[in-house]
Every structure is written in C-alpha cells, then in structure tokens.
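Here is the structure we will look at, set down as structure tokens.
The values are calculated or read from the model by the stated rules, or taken from the named source; none is laboratory data. Everything numeric in this text was worked out from a predicted model, so none of it was measured. Positions of Cβ are generated from backbone atoms using ideal geometry, with glycine treated the same way; all protein chains shown enter the neighbour counts. With ligands, DNA and RNA removed, areas are computed over all heavy atoms of the protein, side chains included. Shrake-Rupley method; radii C 1.70, N 1.55, O 1.52, S 1.80 Å.
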Amino acid sequence: MDIAYPPRLSLARLPTPLEPLDRLSESLNGPRIWVKRDDLTGSHLSGNKIRKLEFVIARAKEEGCDTLITCGGLQSNHCRATALLGAQLGLKVHLLLRGEASGVPDGNLLLDYLAGAEVTCYPARGYSARLPALAQHWQEHYQAQGRKAFFIPIGASDATGTWGYVACCEELRRDFQAHNINPAYIVCASGSGGTQAGLTLGCALYDLPSQVLGFAVCDDEAYFQAKVREDLQAWKRRYAPKQSLPLESIVVNDNYIGPGYAKATPEVFDTIKWVASTEGLVLDPVYSGKAFHGMVEEIRQGRFKGVEDIVFVHTGGIYGLFPQREEMFSLL
Ligand SMILES: *Cc1c(COP(=O)(O)O)cnc(C)c1O
C-alpha cells in the first residue's frame with residue numbers, strides 16, 4: 001500500500017518484538033495473548049510517546065523551532081520522553097506540569113530534571129482550561145528571547161502524532177505474517193487517545209483483521225469517542241482530505257478506570273504482580289497495568305470467547321511504578 005508519510009525522525013528502537021504470553025494465556029483458558037513490546041522502544045525513552053514524537057518533532061524542526069513546550073501530569077511519560085529527546089537533539093524543552101511537586105522528585109519527574117528540562121508546575125484545578133493561554137504565554141516568552149517554540153499537545157496526540165501508530169500498524173502487519181496469526185483484537189490503554197487513533201486508522205489503511213479496543217484510564221467513553229474522532233478528522237484535513245475514516249471502528253471500554261487518573265485499585269496492583277511473576281513483564285499502575293487488568297477481566301467474563309489471538313500493546317510506563325511503590329509494596 002502506498003501511504004504518503006510526512007517527515008519522520010528515526011528515534012525509537014524499531015521494530016519492537018511481538019511476543020506470546022503462553023503461561024498466562026493458558027492459565028486464563030482464553031485467547032492466546034500477544035504483547036507488542038513498545039515498552040522496548042528505548043530504555044529511558046521507553047513507551048508509546050516516542051513513536052508519535054518521531055513525527056511531531058520532525059514537524060517542529062521543519063518549522064524551524066529550537067524549543068519544545070509540552071504538558072502533562074507530574075509523572076507524565078510523554079513529558080519525560082520529550083525532555084530526553086530534546087536533550088538528545090539539542091532542543092530546549094519546557095514542561096508545563098499539572099500538580100504541585102513535593103519532596104524529592106521521583107520516577108519520570110526525576111528524569112525530566114536530569115535531562116535539563118525547564119519545569120513549571122501549575123495547580124491541577126483548572127489546569128486543562130488554562131493550557132491554551134499558558135502555551136501562548138510561553139511561546140511569546142521565547143519569541144521575545146529570539147527563540148521559536150513549538151507547542152506539543154498532551155500526549156503528542158494530534159493530527160501529526162497519529163502517524164506514530166499508523167506506522168506501528170505497518171510493523172504489526174509484518175508481525176502477523178511472520179507468526180501467521182489474525183488477531184481479532186488489538187488492545188491498548190487510552191490516556192490522550194493518540195495511540196488508539198493511530199491504531200484504528202492504521203488497521204484500516206493496512207487492512208489488518210483486528211478491532212482496536214481502547215481501555216480508558218482517566219476520562220469516560222464519550223470523551224474518548226470524541227477525542228479519537230477529533231484526532232482522526234484533524235489528520236484527514238491535514239494529510240489526506242480524500243481518505244475515508246474508520247470512525248465506526250472506535251471502541252472504548254471505560255469500566256476499569258477505577259478511582260481516577262493515576263489511581264489504581266488493589267486489583268490492578270495484583271494483576272501487575274501476577275504478570276511480572278508469571279511472565280517477567282512489568283506493567284505500570286497508570287496505563288498499561290490498568291488496561292491489561294481490564295483485558296484479563298473481560299477474558300474471565302467470557303467476552304473474547306472463540307477468539308484465537310489478541311494483541312496487547314505494551315505502551316511502557318515503568319517509571320510510573322516507582323512513585324507508587326507504597327501501594328505496590330503493600331501487596332507483595
Ligand atoms: C501516554 C500513555 C498511554 C496512553 O496513550 P495515549 O496515546 O495518550 O492514549 C498508555 N501507556 C503509557 C505508558 C503512556 O505513557
């Protein structure tokens with residue numbers, strides 16, 4: 001298939017492996033679970049954000065920018081990846097983080113500082129509503145210094161970031177051929193929606209046999225339906241006005257959000273422990289652990305009856321485990 005990709009930087013360690021979790025699948029007596037190891041896109045750059053940033057930072061450079069401004073929670077994997085990539089590429093990075101940092105920085109925040117990123121924290125209350133004004137303020141601030149700052153939206157989920165997981169589908173097509181499988185589902189965690197948007201579009205463009213199923217980790221189904229749709233429509237406007245979009249293929253499960261963003265139930269921590277000790281695979285309590293737990297619960301409830309193969313995209317997040325070590329340790 002001839003898909004006209006925009007400029008892209010080669011930053012992630014690709015292709016990532018696709019591996020079966022045989023012991024775990026057997027104990028569930030359900031479909032064979034495969035893991036797309038996007039936690040292995042790079043050690044400190046680990047996770048899904050680097051796939052999107054390959055396209056987004058290429059665009060920033062193309063527009064002549066020397067500074068990246070982005071946003072997220074205090075333990076944002078996206079901000080950590082941006083901070084480290086900025087250092088790697090010689091770009092200044094300024095992070096606008098949601099929440100008040102207290103005590104010694106841990107996990108992703110520690111890596112943000114290590115990478116030399118500028119960090120400004122804002123109260124969680126009203127943060128989302130303030131973001132457009134904050135982005136504009138800081139862009140003007142850098143302009144006055146003779147710099148040019150590019151603003152990357154939360155999670156790098158926008159028209160350009162969508163390409164990251166479209167490209168992943170090209171990899172998955174080869175993976176499926178190599179293993180001779182036709183997985184009925186591709187499962188991912190949905191936080192800002194860009195991974196789900198890219199996978200959903202990529203499955204259509206590369207004619208994969210799979211339905212993408214996003215497990216919401218923060219907002220509800222209606223939110224992600226709208227967000228994924230919005231990203232896909234923005235992608236179409238910018239890159240492929242004639243392309244029809246798979247809008248009817250957006251499927252979101254919001255039954256496993258638990259107490260809220262970055263807050264997991266003891267059952268999620270139990271699943272993380274079980275997967276680590278059964279397969280040596282480490283998930284995180286904010287994203288991948290929640291989504292994996294949701295998938296396992298759905299298998300236990302018979303939701304995937306008759307399905308032979310299912311792919312879980314391990315989107316990374318390991319550094320988010322350490323700031324929650326007390327919750328984890330209480331179950332060990
Ligand atoms: C950001 C993130 C996600 C969610 O991906 P989105 O594209 O933002 O929906 C999932 N897992 C991890 C580890 C992440 O950092």
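Tell me which residues, restricted to region 283-332, are over 14 Å from Gly214 (Cα atoms), among the aliphatic types (A, V, I, L, M) and away from the ligand (no atom under 11 Å from the Cβ).
Passing the criteria: Ile299, Val307, Met328, Leu331, Leu332.
When residues of region 278-318 are filtered for being surrounded by fewer than 22 Cβ atoms within 10 Å (Cβ to Cβ) and part of a helix (DSSP H, G or I), how many remain?
First pass over region 278-318, keeping only residues surrounded by fewer than 22 Cβ atoms within 10 Å (Cβ to Cβ): 278-282, 296-309, 318.
Keeping just the survivors that are part of a helix (DSSP H, G or I) gives 278-279, 296-300, 318.
The total comes to 8.
Do you know which residues across region 222-260 are surrounded by 19 or more Cβ atoms within 10 Å (Cβ to Cβ) and in a strand (DSSP E or B)?
Scanning region 222-260 gives Val252, Asn253.
Taking region 261-277 only, how many residues are open to solvent by less than 70 Å² (accessible area, probe 1.4 Å) and outside any loop (DSSP other than H, G, I, E, B)?
The total comes to 7.
In the set Leu28, Leu18, Leu85, which member is in contact with a helix residue (DSSP H, G or I) (Cβ under 8 Å, 6 or more places away or on another chain) and closer than 30 Å to Ala144 by Cβ?
Every option except Leu85 fails the conditions.
Pick from region 170-195 the residues that are farther than 19 Å from Pro153 by Cβ and not in a helix (DSSP H, G or I): which of them is nearest to the ligand (Cβ to nearest atom)? Give the derivation first.
First, pick out the residues of region 170-195 that are farther than 19 Å from Pro153 by Cβ: 170-187.
Those left that are additionally not in a helix (DSSP H, G or I): 180-187.
On the way: Asn180: 28, Ile181: 23, Asn182: 25, Pro183: 19, Ala184: 21, Tyr185: 17, Ile186: 13, Val187: 11 Å.
By that ranking, first place goes to Val187.
Let me confirm something: among Ala101, Ala60, Ala83, which residue is hydrophobic (A, V, I, L, M, F, W, C) and open to solvent by 10 Å² or more (accessible area, probe 1.4 Å)? Before the answer, list the steps.
Details: Ala60 fails: open to solvent by 10 Å² or more (accessible area, probe 1.4 Å); Ala83 fails: open to solvent by 10 Å² or more (accessible area, probe 1.4 Å).
Testing whether each residue is hydrophobic (A, V, I, L, M, F, W, C) and open to solvent by 10 Å² or more (accessible area, probe 1.4 Å) leaves just Ala101.
Does any residue of region 117-132 turn out to be in contact (Cβ under 8 Å) with a residue 60 or more places away in the chain and part of a helix (DSSP H, G or I)?
yes
Which residues, counting only those in region 196-221, are assigned to a helix (DSSP H, G or I), among the aliphatic types (A, V, I, L, M) and within 11 Å of the ligand (Cβ to nearest atom)? Step through it out loud before you land on a result.
To start, the set of residues in region 196-221 that are assigned to a helix (DSSP H, G or I) comprises 196-205, 221.
Restricting the remaining residues to those that are among the aliphatic types (A, V, I, L, M) gives 197, 199, 201, 204-205.
Selection gives Ala197, Leu199.
Any chance you could count how many residues in region 151-169 are open to solvent by less than 10 Å² (accessible area, probe 1.4 Å) and in a helix (DSSP H, G or I)?
Looking only at that region, the number is 10.
Might you let me know whether region 59-78 holds any residue that is within 13 Å of the chain's Cα centre (by Cα), within 9 Å of the ligand (Cβ to nearest atom) and at positive phi?
Yes: region 59-78 contains one or more residues that are within 13 Å of the chain's Cα centre (by Cα), within 9 Å of the ligand (Cβ to nearest atom) and at positive phi.
In region 130-145, is there at least one residue being buried (at least 16 other Cβ atoms within 10 Å of the Cβ) and among the polar types (S, T, N, Q)?
Yes, that holds for at least one residue.
If I ask for residues that are of a type in the set (A, V, I, L, M, F, W, C) and within 18 Å of Ala60 (Cβ to Cβ), which ones from region 114-130 would you list?
We begin by selecting, within region 114-130, every residue of a type in the set (A, V, I, L, M, F, W, C); these are 114-115, 117, 119, 121, 124, 129.
Listed by number, the residues that qualify are Ala115, Ala117.
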